[in-house]
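Here's the structure we're looking at; comments come further down.
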């Protein structure tokens, strides 16, 4: 119970404040959008840039850690995709959006916050290693698959598809900050002290602002759509993904305790807002994705508590 009160609930209290502020019109929709834009386009990219530029890449990018998490993520995608397509007879494009929601866990806003509160800032190296590949890999996979599904019979060339996917990925501030952080890390280029201090100040504001804004965003998502399909997404994201990750990390790759914490806590997070944004981008699966983000976020209070108790 102490873990629930001391570690998990503070994160959800901030989300709840954002939800209440939006519900009682203390923050308008435009203000919530501006706050999320600040956090996701400016503050969190600064946090990622500074963190990744200073990572010890030789120890943080543990193959066992990454394989445990990402194999689990693609198992989750396959379960969501085939569950929607074969089990619920949904078209391929909608099944792709639902599979994307199943694999795109909220690694940044919630995974980072809960891991930090549970194990301290020094335990975040594994989280940053996952985050460094998270958006680029999943967006590349999701966009490429969706564009292929949509372009069948339209004669879209491989070059055109590659160009479209690359442009979509590298127009994201989070991806740009990750690439710059890796470049600085590998080249050893010095960051001017004033620039580094400013980035640190911006970065410290990122997670609290994003969690508050997430609460306001969740107010807009109404639980509607196919209840069975929404339940499937919640089960896959909150149970299947962390179970597969835990099993691989413990019995296949035998990763160390800090890596296990980062991998499993991140895998146990609900779908991120990007799951809905992806569905909205292609105009399919939006109601299921939005409802799954809302319901799974609420349920993750208990599932995150369970995994924190299980992990040493």
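The values are calculated or read from the model by the stated rules, or taken from the named source; none is laboratory data. Bear in mind that the values here come from a model prediction, so they are computed numbers and not experimental data. Cβ sites come from the backbone with ideal geometry, for glycine too, and all protein chains shown count toward neighbours.
Worth pointing out:
- In the condition set (1) within 16 Å of the chain's Cα centre (by Cα); (2) surrounded by 22 or more Cβ atoms within 10 Å (Cβ to Cβ), residue 260 is compliant with all but (1).
- Test: residue 140 is farther than 25 Å from residue 82 by Cα and in a helix (DSSP H, G or I): no
- Residue match in region 90-102 (condition: outside any helix (DSSP H, G or I), in contact with a strand residue (DSSP E or B) (Cβ under 7 Å, 6 or more places away or on another chain) and under 17 Å from residue 241 (Cα atoms)): no
- Test for residue 235: is it over 29 Å from residue 23 (Cβ atoms), out of contact with any helix residue (DSSP H, G or I) (no Cβ under 7 Å at 6 or more places or on another chain), in a helix (DSSP H, G or I) and at pLDDT 95 or above: no
- Any hit, region 130-147, residues being more than 30 Å from residue 93 (Cα to Cα), modelled with pLDDT under 90 and surrounded by fewer than 17 Cβ atoms within 10 Å (Cβ to Cβ): no
- Residue match in region 6-27 (condition: modelled with pLDDT under 90, touching a helix residue (DSSP H, G or I) at 6+ places or on another chain (Cβ under 6 Å), farther than 23 Å from residue 128 by Cα and surrounded by 14 or more Cβ atoms within 10 Å (Cβ to Cβ)): no
- Test: residue in region 72-89 that is at pLDDT below 90 and either crowded, with 19+ Cβ neighbours inside 10 Å or closer than 30 Å to residue 149 by Cα (or both): no
- Matching residues in region 206-225 - criterion: being surrounded by 17 or more Cβ atoms within 10 Å (Cβ to Cβ) and assigned to a loop (DSSP other than H, G, I, E, B): 219, 221
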